[in-house]
Amino acid sequence: MRLVSWDGGFGRLSDDGASVVPMGASLVEWLTTGDADDGAPIARDDVRLTAPVARPQKVVCIGVNYREHAAEMGRVDLPSVPTVFAKWANAVIGPEDDVLVPPGVDLVDYEAELAVVIGRRASRVARGDALDHVAGYCCANDVSSRQRQYETTQWTMGKAVDTFLPLGPHLVTADEIPDPQQLAITCTVNGEVRQSSTTAQMIFPVAELIEFVSSMVTLEPGDVISTGTPPGVGAGMKPPRFLSDGDEVVVDIEGVGALRSTIRTEPPS
């Protein structure tokens, strides 16, 4: 199924994508209780989609998780354990929202990523059982201010900016993605291909990430793991190429969908 959320509802897309079938109040409630009462279909054009999980309890992000991305960012040695940082719910926006760059924030970059949404509670999960805890997958864009990211050794202020995590356009349930490590992933900026790779190039695959994170942090239904980005980010180019007002960024993942976001620079207040 392709699950979607909108202002005031949650449900699934029809096979032709022309309508949505309401299934309850929220994706998290459905994941938690399993209860779903189908409502009357609504024309897709009559709803404004939000992120599949609009206010996740936790957003766990993984840095430097593709071999060639590590090289382009100057990492000589590959990490021996996943590099973990957090975004907060304030960063999450949907497929019909703009990325809003605050005044004074510069060197804005894109990062196409596969996002994993947890379907059932995961605590100290073994790698072999990890994918059983996945509800599904969606596209993510880990928008980053390189200026703020590298001002300190902690990345938070460059990563957790309001609107800096577009998610969507829908959640594809895990039964439709039997192997999350065999998906083509691309990113275009204004139609130009910047990133083109495959999730097979992850240093730490999805199951290993769930095992690692859940060894110390309990993952709840609706929590999101953004699994890292392949090579081709703006900061890794020579010379670097960052985003500007009006740029359209499209993250496209095989079998998952295409997520479009427009960059808008906010004027000084």
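The values are calculated or read from the model by the stated rules, or taken from the named source; none is laboratory data. This is a predicted model, so every value here is computed, not measured. Don't worry about glycine lacking a Cβ; one is built from the backbone with ideal geometry, like all the others, and counts go over all protein chains shown. SASA here: full protein model, heavy atoms, side chains in, ligands and nucleic acids out. Shrake-Rupley method; radii C 1.70, N 1.55, O 1.52, S 1.80 Å.
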- Using the Karplus equation 6.51 cos²θ - 1.76 cosθ + 1.60 (θ = phi - 60°), what ³J(HN,Hα) coupling, rounded to whole Hz, does each residue of region 160-174 give in order, writing x for Gly and Pro? 9, 4, 3, 6, 8, 9, x, 10, x, x, 8, 9, 8, 5, 4
- Message: Using a 1.4 angstrom probe on the protein heavy atoms only, could you order Met157, Met23 from most to least accessible area?
- Response: Met157, Met23
- Query: Let a ≥ b ≥ c be the square roots of the eigenvalues of the Cα gyration tensor of region 163-205; is it rounded (a/c under 1.5), or, if not, prolate (a/b larger than b/c) or oblate?
  - Reply: oblate
- Item | Surface accessible to a 1.4 Å probe, per residue, for the residues of the chain, Å² | 43
- Note on the structure: Any residue on another chain or 5+ positions along whose placed amide H is under 5 Å from the amide H of Gly63 is listed here as Thr83, Val84, Phe85
- Query: Restricting attention to the alpha-carbon atoms of region 192-265, what are Rg (one decimal) and Dmax (integer), both in Å?
  - Reply: 15.4, 42
- Message: If I model the chain as equal point scatterers sitting on the Cα atoms and use the Debye formula, what is log10 I(q)/I(0) at q = 0.07, 0.14, 0.15, 0.17 Å⁻¹?
- Response: -0.22, -0.94, -1.08, -1.38
- Protein accessible area in region 96-150, 1.4 Å probe - carbon and sulfur %: 44
- Task: On a C-alpha basis, how far is the centre of region 107-184 from the centre of region 243-269 in Å? Whole number, if you could?
- Result: 16
- Per the charge dipole of region 107-184 (beta-carbon charges, Lys/Arg positive, Asp/Glu negative, Cα centre), the residue among Ala126, Ile177, Val143 reaching farthest to the positive end is Ala126
- Query: Just from its helices, what would the mean residue ellipticity at 222 nm be for the chain, if runs of 4 or more DSSP H residues each count -39500 (n - 2.57) and the sum is divided by every residue, rounded to the nearest 500 deg cm²/dmol?
  - Reply: -2500 deg cm²/dmol
- Query: If all Cα-Cα distances of region 116-249 are sorted into 10 Å bins from 0 onward, what percent lands in each bin, rounded to whole numbers?
  - Reply: 11, 37, 36, 15, 1
- What the 10 Å binned alpha carbon P(r) of region 1-78 shows, as percent of pairs per bin from 0, is 17, 36, 17, 17, 12, 1
- Task: At 0.36 nm per residue, minus the direct Cα-Cα distance, what do Met73 and Gln182 gain on full extension? Give it in nm, one decimal, please.
- Result: 36.8 nm
- Message: Among Leu49, Leu78, Leu131, which one shows the highest mean-square fluctuation when the chain is modelled as a Gaussian network with alpha-carbon springs under 10 Å?
- Response: Leu78
